[in-house]
Every structure is written in structure tokens, then in C-alpha cells.
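In what follows, a structure is listed as C-alpha cells, so that the remarks can point back to it.
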Amino acid sequence: MADAREQHRRHRATDPVPAAQHYFTPEPAVPSAPRRVELVLPDTRFDLETDRGVFSPNRIDAGTKLLLLEDPLRDELSPGGPGREPASRTFVDLGCGYGAIALTLARRHPDATIWAVDVNERALALCRANAAALGLANVVVGREDELPAAGATGAVSAVYSNPPIRVGKAALQGLLDRWAARLAPGGRLLLVVRRDLGAESLERWLAERGWAPARLAARAGYRVLQARPCPSEAP
Ligand SMILES: C[S@@+](CC[C@H](N)C(=O)[O-])C[C@H]1O[C@@H](n2cnc3c(N)ncnc32)[C@H](O)[C@@H]1O
């Protein structure tokens, strides 16, 4: 929590938009106004509860939907799919918001555990409520410091994220570094970023780290990027 508050404080010092209005504020000040949005994908659909004070409350974000459509693990891990088993069946939705990515993964991989992580308490409560309403018991929702095994390295097979670009480059890179260190050998980052919010500079940074970024999709102003922080150890 200290990290999120520090991120929030630093942002307030440099951004003209009041920090309390940002989707990554730990406790949104904007009054609650619950509503529902529909997520429709070729393999699943569900309604999700959303609210003011969280990211994209009125509709599923187009980048989020693109990441879910282009998710390479959907086919690789489907019965009869070509993929190798990942070393662990733990996936992370980093910056889960109200849960579109985490809940889709939970439904696609009922035998996996999905960690849904955020700093925004309203988003976490929505994600928890949405998982319960959909009967998805394989989702563990919490802040980074609340997840029991989150400190372990090698615990995670993939980190999915529509990342919080607006926290700033240094904070974002620190976040990705921290979660990349928790990947199992051969694990990957799967990210969606808007081109006009720095997809290409993020891609360059991933390459500089030696994480072999691959562009899985480039559509409607978004890039879906895959990076492998420990490629040489792939199982
Ligand atoms: C672009 S939004 C994506 C939300 C959701 N995954 C979706 O696709 O609708 C990024 C999310 O990252 C969260 N976030 C910001 N800083 C974070 C941090 N340090 N750790 C985890 N999540 C963070 C924000 O609160 C926000 O919910």
C-alpha cells in the first residue's frame, strides 16, 4: 500500500489532473454510481459490475478486449492445443480494475489460479464481487502486499496487463520489473498498450532488458506485446 500511496503522491506533484480523479487512486473520492457492462468474446460472455472511480467504467476498454482476443495461451492451453504445459498454472492480471482480464482467464482456465492485483480499493471490491457473482472461485483478488505468495520468484506462468501507463515511465518500469521477477522459467508478460501512450517506447525498453518483445497484434491504435524475461530457461 505504501507503494501505491507514494505513486499517488509523486503523481500529484507533476500532473495537472487532481490525483483523486485518476483511476489508480487507492480510495476514489468520486461518488459511487454502479452500472453494468457486457464483455463479449468468441469463447465467453458475461456482465460485469463497474463504477465511477475505476478505469473504463462505461464499457470494456478496446485494448483490454484486443488482449483477450489475441491471448496466445487461450489456444496453446486449450484441450488438444499445441502448447507445452507452463511450469505453473498461476496467471496474474496486473492492474485488474473490475476484472475483465482476470475473470476471462479464470473461465478459460478453470484449473488455474488467477491473481487479480490492483491498488484501487473500489476496483478490487468490484473484481471480488464480479468473481463471486460469476462463481469463479479460482480468482484471488488483492493488493500486491496482500497476496500470500506474491513475493515468491518463479511462481507465475504469465502476467497479463493493460498497464497503468499514466503512473509514469519510472513507476511503470519498476512495476513490470517486479512482476517479471516472479515469472517461472519460460513465463511471459502479455501487455496491451495504446500507440499514442507509448507502446513503441515500452517495446524498446522491453528489448533493452533483453526480454525479446514480440508484437502479437497492432490494431485500432493498440499494440499487444509479448515479452519473455527468461527465454533461455524455457521448459
Ligand atoms: C489501464 S487500467 C486496466 C484495468 C483493467 N485491467 C481493464 O483492463 O479494464 C490499469 C489498472 O492498473 C491499476 N494500477 C495502478 N498502479 C498499480 C500498481 N502499482 N499495482 C497494481 N495495479 C496498479 C489501476 O488502478 C488500474 O485499475
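Observations
- For Ser201, the criteria (1) within 18 Å of the chain's Cα centre (by Cα); (2) among the small types (Gly, Ala, Ser); (3) over 23 Å from Phe91 (Cβ atoms); (4) away from the ligand (no atom under 16 Å from the Cβ) hold in every case but one, which is (1).
- The single condition among (1) within 16 Å of the ligand (Cβ to nearest atom); (2) surrounded by fewer than 16 Cβ atoms within 10 Å (Cβ to Cβ); (3) at pLDDT below 95 that Ala150 does not satisfy is (2).
- Filtered by the rule that a residue be crowded, with 18+ Cβ neighbours inside 10 Å, of a type outside the set (Gly, Ala, Ser) and in contact with a Pro (Cβ under 8 Å, 6 or more places away or on another chain), the range 217-232 gives Leu225, Gln226.
- Matching residues, the range 153-189, being under 19 Å from Leu68 (Cβ atoms), among the aliphatic types (A, V, I, L, M) and crowded, with 21+ Cβ neighbours inside 10 Å: Val156, Ala158, Val159, Leu189
- Residues located in the range 91-119, provided they are closer than 19 Å to Val167 by Cβ and within 7 Å of the ligand (Cβ to nearest atom): Asp93, Leu94, Gly95, Cys96, Gly97, Tyr98, Ile101, Val117, Asp118, Val119
Yes/no matrix, rows are residues, columns are (1) in contact (Cβ under 8 Å) with a residue 12 or more places away in the chain; (2) within 15 Å of the ligand (Cβ to nearest atom):
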residue: Glu146; (1), (2): no, yes
residue: Ser157; (1), (2): yes, no
residue: Ala184; (1), (2): yes, no
residue: Arg188; (1), (2): yes, no
residue: Val193; (1), (2): yes, yes
residue: Glu208; (1), (2): no, no
residue: Trp211; (1), (2): yes, no
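- Scanning the range 87-144 for residues that are farther than 17 Å from Leu67 by Cα, part of a strand (DSSP E or B) and touching a residue at least 60 places away in the same chain (Cβ under 8 Å) yields a total of 1.
- Within the range 89-109, the set of residues being touching a Cys at 6+ places or on another chain (Cβ under 8 Å) and either at pLDDT below 95 or under 15 Å from Ala137 (Cα atoms) (or both) comprises Gly99, Ala102, Leu103.
- Matching helices (runs of 4 or more DSSP H) fully within the range 1-82 where at least 2 residues are at pLDDT 75 or above: 62-70, 72-76
The values are calculated or read from the model by the stated rules, or taken from the named source; none is laboratory data. Computed from a prediction, not measured in an experiment: that's the story for all the values here. Note that we place each Cβ from the backbone using ideal geometry, even for glycine, and neighbour counts take in every protein chain shown.
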